[in-house]
Amino acid sequence: MDLRQMEYVVALAEEQQFTRAAAVCHVSQSGLSAAIRSLEDELGTALFSRTTRRVDTTDAGLALLPFARATLAQAAAGRDAVVRATHSLSGRLHVGAEQCLGAVDVPPLLERFHRRFPLVDIHFTQAGSHDLVSQIRAGELDIAFVATTEHLATVHSTELGRRPVVLLVPPEHPLAAGASVEWAALHDEEFIDFRESWGVRSLNDTACAEHGIARRVRCTVDDIHTLLDLIHRGLGIALVPEHVAEKPQAAGLVTLRLPRGSAPWWVVSAVTGTHADAAAASLVDLLEPPSHGPQPDPALAGADRDVADTLQRA
């Protein structure tokens, strides 16, 4: 039983799918599967039950989970203690982020940075990606976590992850009967979307225009949970990054995939100015390196490929 296996256990329990858990851990799916099987063999019991669509944590896995989380927390605390004893960094760090990015969880990242560099005065702001990029260029922010590929020519960006855009509809909507939707079916629909400063709004506007869809945005929001609530109440449908459709607040809504090869990709990046200071560089250093492997096919994302491969070999 080692630290890496504990990381895999926590990721798989949270993601409930081998494909996503492997992406979170920046490891191949086969490597994660082999590590989980090895741990189960060592413990003599199954930690997860596999189906063709999801992975559930068994009673044994649930018993192990708090100890796995505690082990990872203790290891991180130990590393941070060593850094505090050997490094000093002070000054101010101005950080911005769009809400609910998925590819990076900003509050825990800032907490870890604060533990390592307690003398740095952290200032945090939440805003839409386009506003954040403008603040980076103006020198008002040192680093920002954004969900856009636009207007990044004069800043330094590091991609952290990407997910396809999907359509969310209430269960009583006529489109809810299918698993996918053609762009032409979106004519005359009423949409809920974010303000223009959000990266996903311009992504959606561009994609719809390219497919000849003249959208009517009935409700404009600045909060993901409000958007999901409005869909639940039948006030419109929404194009959202895939991870938003997986949030607990989206339970009961129907997720439809766009035609293969035509779904826009929602890309999350860390951006800094051309002259990022030491504090911003140190925050970037705490990020996990991005995965440069092949992206999962959106058409297959709903099924667990680890189980699918097993079934195909059977």
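FYI, it's all coordinate maths here, none of it is from the lab. Remember, it's a predicted structure, so these values are computed and weren't measured experimentally. With ideal geometry, Cβ positions are generated from the backbone for all residues, glycine too; neighbour counts draw on all protein chains shown.
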task = Report the antiparallel proportion of the DSSP beta bridges in the chain as a percent, rounded to a multiple of 5.
result = 55 percent
request  = Rank-order 142-149, 42-49 by packing density, defined as the average count of other C-beta atoms within 10 Å over each peptide's residues, highest first.
outcome  = 142-149, 42-49
message = Taking just the alpha-carbon atoms of segment 3-84, what radius of gyration and Dmax come out, in angstrom?
response = 13.1, 46
query = Given the Cα-Cα distance of ALA179 and ASP229 and 0.36 nm per residue of separation, how much length would full extension add, in nm?
reply = 15.8 nm
ask   = What shape does the chain take by its C-alpha gyration tensor, where a ≥ b ≥ c are the square roots of the eigenvalues and a/c under 1.5 counts as rounded, a/b above b/c as prolate, and the rest as oblate?
value = oblate
note = Extension length gain for HIS187 and ASP222 (0.36 nm per residue less Cα distance), in nm, is 10.2 nm
Nearest-20 debye value, the chain charge dipole, Cβ charges on Lys, Arg, Asp, Glu = 260 debye
key: Mean-position separation - Cα centroids, segment 189-264 and segment 1-46, in angstrom   = 32 Å
remark   = Between ASP105 and HIS211, the FRET efficiency computed from the C-beta separation at R0 = 30 Å comes out, to the nearest 0.05, as 0.35
task = Take every Cα pair under 8 Å in segment 3-84 that's 6+ residues apart, average their separations, divide by the length, and report that relative contact order as a whole percent.
result = 33 percent
query = Rounded to the nearest 500 deg cm²/dmol, what is the calculated helix-only ellipticity per residue at 222 nm for the chain, with -39500 (n - 2.57) per DSSP H run of length n ≥ 4?
reply = -12500 deg cm²/dmol
key: Centroid-to-centroid separation of segment 146-171 and segment 116-141 [C-alpha atoms, Å]   = 18 Å
message = I'd like to verify something in the chain: which complete DSSP H helices, judged by Cα projection on the helix axis, reach 20 Å or more and average at least -1.0 on the Kyte-Doolittle scale?
response = 29-43, 59-86
